[in-house]
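All remarks here apply to the structure that follows.
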Amino acid sequence: MRRQGKFLIVTADDFGLHAAVNAAVSQAAQTGVLTAASLMVGAPAAAEAVRLARELPQLRVGLHLVLTDGWPVLARREIPDLVGQDGLFADNMVRESFRYCASARMRRQLRAEIRAQFAAFARSGLRLDHVNTHKHFHLHPLILGDILRIGCDFGMAAVRVPDEPLWFSRAQGPGQGLTAPLLRPWLGLMRRRLRRRGLTCNDRVFGIACSGDLNEARLLAILGKLPEGITEVYLHPATQTRDPLTPSMQTYRHANELAALLSPRVRAAVDASNAMCGGYADLARISLAAPD
């Protein structure tokens with residue numbers, strides 16, 4: 001059966017990446033529709049993000065595990081097979097996925113880094129609302145397995161499943177949504193593994209096919225068709241900057257996403273959807289009938 005009732009989680013990923021991201025999260029949480037944020041604990045502005053989060057008790061904060069295209073927590077000497085000379089993770093996820101499968105040494109380093117990021121979040125004193133990964137790298141079964149084993153030591157209770165409805169992904173342009181059928185077995189496996197551990201997950205997510213460009217029109221389209229169950233919408237908001245926040249974000253329209261979160265039209269659409277809003281931790285205070 002389908003879940004009865006609507007619950008909406010609106011999340012900002014990459015919290016702590018940059019001061020412009022932190023400023024956007026603070027603004028959107030106070031005067032917009034943002035309800036949650038996913039913290040990069042090893043990123044340059046993570047300490048500021050933690051300070052801001054403490055001043056925003058209504059904002060639910062989770063861990064955005066970074067295992068590709070970003071900053072680790074451990075020093076390069078502790079994870080030499082995972083990072084380059086610059087101390088950053090590589091951005092070739094396909095290559096790294098095969099390397100993890102082939103190398104027990106890399107897997108040991110990966111587990112150490114995952115544990116270090118959970119521990120860094122715990123030291124922040126923030127309540128762990130949820131866990132997800134940068135670029136959805138937890139679709140990799142080995143990475144997901146490590147997260148499940150390590151996360152239980154830190155009170156992990158919810159994990160994002162990157163399952164985007166086809167109607168939305170295909171609407172974003174030619175070629176979008178083509179990989180969805182290939183991911184279906186992995187998504188099914190992920191849901192089964194999460195349920196066996198008693199973990200909460202979303203029924204669907206929006207933001208994959210238009211990553212970095214979830215503008216007002218797209219957000220209104222989602223809200224206009226908001227289904228029953230747990231829906232997470234994730235964005236990458238930031239205040240305007242002169243240069244891209246990272247080399248991989250050359251095409252991101254962060255300011256447009258912030259404008260969508262602050263839009264009065266979006267606020268009205270959220271109200272009209274009759275959805276309860278919050279973070280994963282807030283699901284404990286409501287009753288949604290779960291699917292079989």
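For Arg60, the residues whose modelled amide H falls within less than 5 Å of its own, excluding neighbours fewer than 5 places apart on the same chain, are Ala36, Ala37. If I stretch the segment between Phe154 and Asn92 completely, what's the gain in nm (0.36 nm per residue apart, minus their alpha carbon distance), one decimal? The Phe154-Asn92 span can extend by a further 19.4 nm. Whole-Hz Karplus values for the range 241-250 come out as 10, 6, 10, x, 5, 9, x, 7, 10, 4 Hz, taken residue by residue from phi with 6.51 cos²θ - 1.76 cosθ + 1.60 and θ = phi - 60°; glycine and proline positions read x. Using just its DSSP H runs of length 4 or more, each adding -39500 (n - 2.57), the chain gives a mean residue ellipticity at 222 nm of -12000 deg cm²/dmol after division by all residues.
Ordering Ala269, Ala255, Leu8 by Cα displacement along the dipole of the range 6-285 toward the positive end leaves Leu8 in first place; charges were set at the Cβ atoms of Lys, Arg (+1) and Asp, Glu (-1).
A simple rule links phi to the HN-Hα coupling: the Karplus curve 6.51 cos²θ - 1.76 cosθ + 1.60 with θ = phi - 60°, which for the range 227-236 gives x, 5, x, 9, 10, 10, 10, 10, 9, 10 Hz, with x for Gly and Pro.
Spacing of the modelled spin labels on Leu182 and Arg123, each 7 Å from Cα toward Cβ, amounts to 3.9 nm. Under a model in which nothing but the beta-carbon of Lys, Arg (+1) and Asp, Glu (-1) is charged, the range 164-225 shows a dipole of about 560 debye around its Cα centre. When Cα Rg over 2.2 N^0.38 Å is computed from the coordinates, the matching label among [x] 1.00; [y] 1.43; [z] 0.95 is [z]. Ranking Thr246, Ala43, Leu182 by Cα position along the charge dipole of the chain, where only Lys, Arg, Asp and Glu carry charges on their C-beta atoms, puts Leu182 farthest toward the positive end. The listed peptides 97-107, 147-157, ordered by packing as a protection proxy, come out as 147-157, 97-107 (highest mean of other Cβ atoms within 10 Å first).
Amide H contacts of Ala158: Val131, Thr200, each under 5 Å away and 5 or more positions distant or on a separate chain (H built 1.01 Å from N in the peptide plane; Pro and chain starts excluded). Annotation: extensible slack from Leu142 through Cys101 equals 14.0 nm (criterion: 0.36 nm per residue apart, minus Cα-Cα distance). Whole angstrom only: what separates the Cα centroid of the range 1-64 from the Cα centroid of the range 71-118? Answer, in whole Å: 25. Only Lys, Arg, Asp and Glu carry charge here, each on its Cβ (+1 for the first two, -1 for the last two); on that basis the range 6-285 has a dipole of about 900 debye about its Cα centre. Placing R0 at 35 angstrom, the Cβ-Cβ distance between Asn274 and Asn215 gives a FRET efficiency of 0.90 after rounding to 0.05.
Every number here is computed from the coordinates shown, using simple stated rules; none is lab data. Since the model is a prediction, treat every value here as computed from it, not as a measurement. With ideal geometry, Cβ positions are generated from the backbone for all residues, glycine too; neighbour counts draw on all protein chains shown.
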